[in-house]
1. Taking the simple approach of a point 7 Å from Cα along Cα-to-Cβ for both residue 117 and residue 158, what is their distance in nm?
2. Please sort 65-75, 87-97 by packing, taking for each peptide the average over its residues of neighbouring beta carbons within 10 angstrom, highest first.
3. Hey, what did the stretch 25-117 get for relative contact order, percent, Cα under 8 Å, at least 6 apart?
4. Per residue of the stretch 127-134, in order, report the coupling 6.51 cos²θ - 1.76 cosθ + 1.60 (Karplus, θ = phi - 60°) as ³J(HN,Hα) in whole Hz, putting x for Gly and Pro.
5. How high is the relative contact order of the stretch 64-156, in percent, with contacts defined as C-alpha pairs under 8 Å that are six or more residues apart?
6. At residue 77 and residue 45, where each label point lies 7 Å from the Cα along Cα→Cβ, what is the point-to-point distance in nanometres?
7. Provide the packing ranking of 125-132, 49-56, i.e. peptides ordered by the mean count of other C-beta atoms within 10 Å per residue, highest first.
Amino acid sequence: MKPKISVLALSLAIITLLTGCDRQETRPVKFINPDKVMQDSGLADQLKTRLQTVDQQLRQGLKMAQENGARLPEEKRRSALLADRQLLDLEWQHEQRRANGVALKAIAEAAGKYREQHQLLAILPAQAALAFAPEADISEALAKELKGKTLDFGALPKIGVKSEEPTAAEASTQK
């Protein structure tokens, strides 16, 4: 009976060792609050300034459209002004999405570098978790890393008034 116990003990030891070999080292997951990172890093101020500048430019475009529309007959003026407002509203929405995308991309790039440096499995937005330990929140560290970073939003949108009469170049291409 003794040989069966030693075979059983040996088998149990081998199984325990093999299951231990199958385990991988777990890497931690961290969380950030993107809104907090934007505020604390100064990116939110840059975003706000950019959107204010775009808003001013679009308001100037609306003013130009109103001045240009004053020369049109009443029935054309209303439809032209409505079309211009819709176009400017679409441009405003586009610029908001684009500017927000630039800011979020900067956060994502910084998070990616942080993840690599600290050998993390992932960095997720805090909103994606039902609960997590306070030490898993790296929002402050990421905000410090982004502090002083200047965002490049690209050129401002070009707003102008389209004339009714085609230019010489346009007239030659239409023929």
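Only the coordinates and a few stated rules stand behind these numbers; no lab work does. Nothing here was measured: the structure is a model prediction, and the numbers come from that model. Methodologically, a virtual Cβ is constructed for each residue, glycine included, from the backbone with ideal geometry; neighbour enumeration extends over all protein chains shown.
1. With each label point 7 Å from Cα toward Cβ, the separation is 4.0 nm.
2. Final packing ranking: 87-97, 65-75.
3. Computed over the stretch 25-117, the figure is 39 percent.
4. 5, 7, 9, 6, 7, 7, 5, x
5. 29
6. 4.5
7. Result, highest mean first: 49-56, 125-132.
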